[in-house]
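So the structure is just underneath, and the comments pick up after that.
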Amino acid sequence: MRVRTTAAALGGIGVVTALWATGPASSAEIPRMPLSETVSSPLLVDCSTMTVNGRGYAQLHGIALCGADTIPLDRPLRVEAVGGEECGTASLTVTSRGGGLATIAWRVASTSGPIVDVELDAAFSGRAGGTMRRFSMREPAPHAAGSTIAFLGVGRATATMSGTVETFAATCRIAPASVRVHLR
């Protein structure tokens, strides 16, 4: 009886070893998600929000935004750009920290003058549920950043950012962007 049990066990080990060696039937069936991912999105200016001071700042610094660097102050700015012209970038990074925890970090950089105000919404969800956090910063700076840690559960998680950034020259909106990661 002992010989049969040992032979059966060795046969089972051989099958498992063969399966490990060959791997899954198709690697296309199992998508590999990263443990950390960053997405960047443009800031798009609303040319109608440009103030006289903003236009003066753009002319003084040669910022080609809505034509403010070349159009005289007594003439209206170009507003025909669909969606708006780029006035900076925003990035969102989600990183797995283990145990279903994730770090959600964001950063905003302006090309149209110092940032005066940031109103950024970060929505994130995973197996353990989801939430949205609003980040609000009112400190003049060329760059703005923030982060939070959230329990989202082990498995696939997504995060999305949106909002507005007010620079010295104009108000820009963050083009919505999202990222997916695998949380351990």
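The values are calculated or read from the model by the stated rules, or taken from the named source; none is laboratory data. All of these numbers come straight from a predicted model, not from anything done at the bench. With ideal geometry, Cβ positions are generated from the backbone for all residues, glycine too; neighbour counts draw on all protein chains shown. Please note that ligands, DNA and RNA were not included when accessible areas were found on the heavy atoms of the full protein model with its side chains. Shrake-Rupley method; radii C 1.70, N 1.55, O 1.52, S 1.80 Å.
Results, tabulated for the structure shown:
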| read-out | value |
| --- | --- |
| DSSP-loop GluC sites (Glu not before Pro) across region 39-118, with at most 14 other Cβ within 10 angstrom | 80 |
| Sulfur and carbon atoms: percent of accessible area, region 44-162 [1.4 Å] | 54 |
| Region 130-184, relative contact order [Cα under 8 Å, separation at least 6], % | 32 |
| Contour excess over end-to-end distance, with Cα ends at residue 52 and residue 79 and 0.36 nm allotted per residue | 8.2 nm |
| DSSP-assigned coil residues among trypsin sites (Lys or Arg not before Pro) in region 36-128, each with at most 15 further Cβ atoms within 10 Å | 78, 127 |
